[in-house]
Amino acid sequence: MKKFDGRVAAITGAGSGIGRALAIDLAGRGAHLALADIDEVGLAETAGRCEGAGVKVTTRRLDVADRDAVEAWADAAVEDHGQVNLIFNNAGVALAATIADMTYEDFEWLMNINFWGVVYGTKAFLPHLKAAGEGHIVNISSVFGLISIPSQSAYNAAKFAVRGFTDALRIELDIEKCGVSSTTVHPGGIKTNIARNARVDETLAAQAGGADSARDQFDKIALTSPERAARQILTAVTLNRRRALIGPDAVAFDILSRLPAGIYQWVLAKGAARRL
């Protein structure tokens, strides 16, 4: 897909952050939008910022962990717009907890959104993209889908799973030659609300001086704006890249991931120990 003018893009997590930036950028390029988020207030604000571009914008409150709801949204998007050409499975949440202290409820909450939400979005929209004859699936992984980080086991599990799922999808689409492709996106630190809305285990929060302090630490290392991230993601789509590293820290993480596991894990363990 070399251009977006006249195409229809569906975006989850469109109420803020990368999702909002993607919506605004795509609207400026002439793409019609089917936007979804569980945050209705943020979603309405995003839609309002896109409607002046002269494109059709539809919105839906959506919990991506609800498979039936995602499938119904995909069908409604096609009914409203006539077709869908792109799906950005962007919605996500964060959780900071050690494996020993993490509850099953928190683990399942994160996996249902960050992994199953991507699976549901992919499978719900894929038949519609094939029917359109031209399409692209963009699934958001993370730099934590490249290397593992202490206290991020659940997030690692979801983002590594998204990477493997989307890489396999890309190979299948290459074989099928159906006019649809896919890209796995690995953002580094992006200045969004994901850290602000993260669940933080009490033990980790105490070590960091409180949950707010733990979230502040992430904000300080977020190097890339959502707008810049959106531009890089859309460039990756037009170039049909298999993977997109978003931000200079993502490039560094990718290099780190190529080292022997014992080396990078030793470095991370030493760094974490110094902070305790």
Open item on the list: Can you work out the Karplus-derived ³J(HN,Hα) for every residue in the stretch 191-204? Use 6.51 cos²θ - 1.76 cosθ + 1.60 with θ = phi - 60°, whole Hz, and x for glycine or proline.
Closed with: 6, 10, 8, 4, 5, 4, 9, 6, 8, 10, 4, 4, 5, 5
- [ ] Could you calculate the FRET efficiency of ALA76 with THR103 from 1/(1 + (r/R0)^6), where r is the beta carbon distance between them and R0 is 35 Å, rounded to 0.05?
- [x] 0.50
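What is the sum of charges, Lys and Arg at +1 and Asp and Glu at -1, for the other residues whose Cβ falls under 12 Å from the Cβ of PHE165?
Numbers: positive: LYS123, LYS159, ARG163, ARG170; negative: ASP167, GLU172.
Net local charge, PHE165 excluded: +2.
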- [ ] Compute the acute angle (0 to 90°) between the alpha-carbon long axis of helix 17-28 and the principal axis of greatest extent of the alpha-carbon atoms of the chain; round to the nearest 10°.
- [x] 30 degrees
Task: 0 to 90° range, to nearest 10: angle between helix 104-114 axis and the chain longest Cα axis - done: 40 degrees
TODO: Give me the angle, in degrees from 0 to 90, between the Cα long axis of helix 226-238 and the longest principal axis of the Cα atoms of the chain, rounded to the nearest 10.
DONE: 60 degrees
Task: Residue-averaged 222 nm ellipticity for the chain, from DSSP H runs of 4+ at -39500 (n - 2.57), nearest 500 - done: -16500 deg cm²/dmol
- [ ] Treating cross-link reach as a plain straight distance, find the aspartates and glutamates whose alpha-carbon is under 20 Å from the alpha-carbon of LYS270, omitting any fewer than eight places away in the same chain.
- [x] ASP249, ASP254
TODO: May I ask you to evaluate 6.51 cos²θ - 1.76 cosθ + 1.60, the Karplus curve with θ = phi - 60°, for each residue of the stretch 88-100 and list the ³J(HN,Hα) values in order in whole Hz, giving x for glycine and proline?
DONE: 9, 7, 10, 4, x, 9, 10, 8, 10, 6, 6, 4, 5
Task: Long-range HN-HN contacts of HIS136 with modeled amide H, under 5 Å - done: LEU86, ILE87, SER181
Task: Phi to ³J(HN,Hα) by Karplus 6.51 cos²θ - 1.76 cosθ + 1.60 over the stretch 129-137, Hz, x for Gly, Pro - done: 5, 4, 5, 6, x, 7, x, 8, 10
- [ ] Tell me which residues come under 5 Å, amide H to amide H, from ASN90 once H is placed; ignore anything under 5 positions away on its chain.
- [x] THR12
- [ ] Report Rg/Rh for the chain, rounded to two decimals, where Rg is the Cα radius of gyration and Rh the Kirkwood radius.
- [x] 0.97
Task: Amide H contacts under 5 Å for VAL200, placed H, 5+ residues apart - done: ALA96
Open item on the list: What whole-number distance in Å separates the alpha-carbon centres of the stretch 223-252 and the stretch 188-203?
Closed with: 20 Å
Task: Local electrostatic count, LEU126, Cβ distance below 11 Å [Lys/Arg +1, Asp/Glu -1] - done: 0
Open item on the list: To make sure I understand the rule: partners must be lysines, Cα under 27 Å from the Cα of LYS123, and not fewer than 8 residues away in the same chain. Which ones qualify?
Closed with: LYS2, LYS3, LYS56, LYS159, LYS177
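Readers should treat all values here as calculations from the given coordinates under stated rules, not as data from a laboratory. Keep in mind the model is a prediction, meaning the values are calculated, not measured. FYI the Cβ positions are ideal-geometry reconstructions off the backbone, even for glycines, and counts take in every protein chain you see.
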